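Undergrad: Below is one structure. I have some questions about it.
The values are calculated or read from the model by the stated rules, or taken from the named source; none is laboratory data. On a predicted model such as this, the values are computed, not experimentally measured, just so you know. Cβ placement follows ideal geometry from the backbone for every residue including glycine, while neighbour counts extend to all protein chains displayed.
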Amino acid sequence: MSASGISLDRVEKTFSLEKNNTFTALKDVTLNVAQGEFLALLGPSGCGKSTILRMVAGLEQPTAGELAVNGLEPQELVNGHRLGVAFQDHALLPWLTVFQNVALPYQLAKRPVDETRIGELLELVGLARFRDAFPRQLSGGMRQRASIARSLVLKPEVLLLDEPFGALDAVTRRKMNLELARIWAEERTTTVLVTHDVEEAVFLAQRVVVLAANPGRIRHEEVLSFDTARTEGLERTDEFHHVVDRLTRMLDAS
Amino acid sequence: MSPRKKKIVLGILGALILILAAEIIGRLGLAGKAWPAPTDAISSVLGNKLSRALLFRSLGATLASAGTGLVIGSVVGMAVGFLGFLLPVLRAGLDQTASILNTIPLVALAPLLIALVGPQGMSVLTAALGSGFAMFVATASGLLAVSPAHADFFKVSGSSRLQQVIRLSLPSAVPSLLGGLTLAGSGAVLGAVLGEWFGAPMGLGVLMISSMQNFQVKLLFVVALTAALVSLLAFYAMAAIQKMVGRRFS
C-alpha cells in the first residue's frame, strides 16, 4: 500500500436495514488515487459513489477492507485538519459572512486566521467583492464557490468534492467547472470528485472511474490525456465528445 | 391587494365585527346587566380619574411580575434544556418532568406553590412557569436542529465537541429560541395575571377579582381587555424581535 495518495483495498460497505436485512452499498472496491491526481467517480445515483467519499472523509467506516489516505486512517487526517470537503449542499453557516465562513477552518484548527490567504482565495473564486455578504444574499453558484474556497483554505492534502455543482443549472455549472479547473491548476491538490455528470467528470479529471450499482462496484477506468488544456473549448473537441459518448453509453448500460 | 395585506384587512374586519356585535348586545341589554357595551365600559373607566389611575397602577404591577417571571423562566428553561443537551442521559427524564409539570392544572399546583413562595411571590412564579416551559422546549429542540450537512462539515474539519456546541449547536438553536420567546412573552403575562388571583397585593389579576366581587362589570371588562391586549402586545413584540434577529440565523 502506498504511503501517499488515497488507497482503497477490497473495501466493502454494508448498511443494516430493519429485520436483519443488510444492503450492500459497495463491494470489492479497489482504487488508488495518486498524490496530486484529480480523479472523478462517475456513476448513477445509488451506486455508492458518495459512500466512497464519506468513507475517505471518515464520516463512514468500511465494513471490510483497508482504506488509507496518505498512509493514515481518515480520522487521523481529519484530526490534523489536512482534509478539505465541499458538499453538494454548500453547508455554509448562514449566520457568518463569506469571509467568516472561509475563516472558520482556521478557527476550528485553532490556528491564527491568515487574512492574506483568505483574500487571495476569495479573489481566486471571484468573491472578493462579497467578503462581507451573508450566504443568503448570494446566488447558488456563488455559495458553491465560497464553499470550495472554504475547503481549500487550509491547503489540504486531499480535497473531496461531493457533486458540488449538482444543484446548479447547466449554464452556471459549466462556468463553475471552468473555474474549478483553473483553481485546481493553481492548487494541484489530490482531488476526488463525485458526480453523475459525464461531461463534468471528463472535463475536470485526469482519470474517471465509472461505477455500477447494486452492489456498487468499479466497472471501468478511463485515463484522460487531452492535448488541450482544461479550458474553454475542450468540450468542443471531437476527442472530448468521443470519450463522453462512450462513458455515457456505459452508464446507460449499467 | 397582496395576500399579506388581505390577511391583515380581514383580521381587522373580523375584530371590528366582534366588537360591533358586543356593542349591540350591550346597548340593547340582550345579555343582562353583566354585559356592558364596550365603548361605554372603556369611556366610563378611562374617564374616571380614580379608576384610570388604579388600572394603570395595576398594569404596572402585572408587567413587573410578568417581566421578572419571563427572565427567571427563560433563564431556568434554557439552562435545563441545555443541561439535557449536554447530558443525553437526562434528556428523556427532563422532557417528561417538564411535560408533567406543564400539564398539571395550575389550580391543583397552587396550594403547594403558595406554601413555597407565599401569595406575594405567586405571580412571578406562575409567570416563570408559563414562560419557562416554552423556553425549555425551544432550547431542547433548537439545540438538536443542526442540519446534517453542517454537522458533516464540522466533523470533517476536525472540530472538538466544545467547538461544535459553541459554533454550531448554539447558533442553530437561535431561530427556535426566538420562536419560543414569542410564546413565552404572552405566556408570562397570562401567568402573572393568573398568579395574582392567589393573593397578590396589586395587579390586573387582583383588580379582576375585586371588581368581580363588587360587581363592577365595566371595570372587569376593561381589565380583561387590558390583559388580553398586553398579552397580544408581548407576542407581537417578541415576533418583531424574532423577525429582526432570526433572519440571520436561518
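Undergrad: Of the residues B:140, B:149, B:134, only one is at pLDDT below 95, assigned to a helix (DSSP H, G or I) and within 14 Å of another protein chain (Cβ to nearest Cβ); which? I'd like the intermediate steps shown before the answer.
TA: Numbers: B:140 fails: within 14 Å of another protein chain (Cβ to nearest Cβ); B:134 fails: within 14 Å of another protein chain (Cβ to nearest Cβ).
Checking each option against the conditions leaves just B:149.
Undergrad: Any residue at all in region B:48-66 that is among the aromatic types (Phe, Trp, Tyr) and without any contact (Cβ under 8 Å) to a residue 40 or more places away in the chain?
TA: yes
Undergrad: On to the next question. Here is a list: A:165, A:134. Which entry is surrounded by 21 or more Cβ atoms within 10 Å (Cβ to Cβ) and farther than 15 Å from residue B:149 by Cβ?
TA: Result of the check over A:165, A:134: A:165.
Undergrad: Being closer than 16 Å to residue B:249 by Cα and either touching an Asp or Glu at 6+ places or on another chain (Cβ under 6 Å) or in contact (Cβ under 8 Å) with a residue 40 or more places away in the chain (or both) is the filter here, so list the residues in region B:166-191 that pass it.
TA: B:169, B:171, B:172, B:174, B:175, B:177, B:178, B:179, B:180, B:181
Undergrad: Something else about it: Applying the selection to region B:164-191, what residues are more than 8 Å from the chain's Cα centre (by Cα) and closer than 24 Å to residue B:128 by Cα?
TA: Here is the first cut: in region B:164-191, the ones more than 8 Å from the chain's Cα centre (by Cα) are B:164-181.
Listed by number, the residues that qualify are B:170, B:173, B:174, B:175, B:176, B:177, B:178, B:179, B:180, B:181.
Undergrad: Are any of the residues in region B:112-126 over 21 Å from the mean Cα position of the chain (by Cα), outside any helix (DSSP H, G or I) and surrounded by fewer than 21 Cβ atoms within 10 Å (Cβ to Cβ)?
TA: Scanning region B:112-126 turns up no residue that is over 21 Å from the mean Cα position of the chain (by Cα), outside any helix (DSSP H, G or I) and surrounded by fewer than 21 Cβ atoms within 10 Å (Cβ to Cβ).
Undergrad: In region B:192-250, which residues are more than 14 Å from every other protein chain (Cβ to nearest Cβ), surrounded by fewer than 19 Cβ atoms within 10 Å (Cβ to Cβ), aromatic (Phe, Trp, Tyr) and more than 19 Å from the chain's Cα centre (by Cα)?
TA: Across region B:192-250, the qualifying residue is only B:215.
Undergrad: Looking at region A:63-116 only, could you name the residues that are crowded, with 19+ Cβ neighbours inside 10 Å, outside any helix (DSSP H, G or I), within 8 Å of chain B (Cβ to nearest Cβ) and among the aliphatic types (A, V, I, L, M)?
TA: The answer is A:83, A:85, A:91, A:93.
Undergrad: Which one is surrounded by the most Cβ atoms within 10 Å (Cβ to Cβ), of the residues in region B:170-179 that are within 12 Å of chain A (Cβ to nearest Cβ) and within 17 Å of residue B:83 (Cα to Cα)?
TA: Once the filter is applied, the top-ranked residue is B:173.
Undergrad: Show the residue pairs that are 6+ apart or on different chains and have beta-carbon atoms under 6 Å apart, the first residue being within region A:34-55 and under 17 Å from residue A:191 (Cβ atoms), the second being assigned to a loop (DSSP other than H, G, I, E, B) and charged (D, E, K, R).
TA: Filtered contacts from region A:34-55: A:36/A:188; A:54/A:60.
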